[in-house]
Amino acid sequence: MNVFRSNKFGWTLGIAVCGAFAASAQATVWPLSVGGMKHAMVFWDEVNTGLEVHLEDPGPLALLDDGELHTPPSDVLDGKGYNNQYGFLNGEAFSPPEGAIWVEVLAISPGLETYEGGMRMANVVNHTYAPILNAVGERWMWNQSMNHPWYAAATPGNYSVEYRVYVGDASNGDPLGGYVSDTTQFNFAYAPEPGALALLAFGACGILRRRVR
Ligand SMILES: [Cu+2]
């Protein structure tokens, strides 16, 4: 540990290691899945014949910027606060009698971006990160396996998106008659000042600098 106590060499080493740490931050990485999953649970309503959605947490959930450059195609999240805690999940095993389940945007805050995700955690490398559900009226077919979209914003603020979840034609998403639909709203807040991810990233260098002194 002597090298850390001798001033000049210690500082040089410290700066070199922090420099390497900073350089590694420039390498591309996959986005992080931070925080617990918050599902929009979709149930089949026998009584009313149709869908019912129970949202586990109204939020707002925090959009966080990890300060990283992300591996394509996830580089759509670069320089933005992002979150993938919200997801669609079957509340019970069921299939609609016909068609498929679709999600349609009823309202969305300007500046809120949505990219196609999938199963969460380790499978982030398999997500398409294709833009979906980014404007009122846009539709996306849900295959009823757990799916966590990536939500992102470049500018601090509060954001929300409201969806209708309904039974629609499997090819074009046109609503099928005779089934009730339900709505759900996801809420987000982006407040960049020292976020949890930034603290994590800079924590390592802070500890090293204290040891050098
Ligand atoms: Cu999930």
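Read-outs throughout are calculated quantities, based only on the coordinates presented, and are distinct from any laboratory measurement. Bear in mind the structure is a predicted one, so any value in this text is a computation, not a measurement. So basically every Cβ, Gly included, is an ideal-geometry build from the backbone, and we count neighbours across all protein chains shown.
Structure data summary
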quantity: Potential extension, Ala93-Glu138 segment - 0.36 nm per residue separation minus Cα distance; calculated: 13.6 nm
quantity: Among beta bridges that DSSP assigns inside the range 30-193, antiparallel share in %, nearest 5; calculated: 85 percent
quantity: Net charge of Cβ neighbours under 11 Å - reference Gly79; Lys, Arg +1; Asp, Glu -1; calculated: -4
quantity: The range 30-193: relative contact order as a whole-number percent, Cα under 8 Å and 6+ apart; calculated: 30 percent
quantity: Extreme residue, positive dipole direction of the range 30-193, given options Asn123, Asn84, Pro72 (C-beta unit charges); calculated: Pro72
quantity: Using θ = phi - 60° and Karplus 6.51 cos²θ - 1.76 cosθ + 1.60, couplings along the range 46-59 (whole Hz; Gly, Pro as x); calculated: 5, 5, 9, 6, x, 9, 9, 10, 10, 8, 6, 8, x, x
quantity: Relative contact order for the range 32-123, counting Cα pairs under 8 Å that sit 6 or more residues apart, in percent; calculated: 34 percent
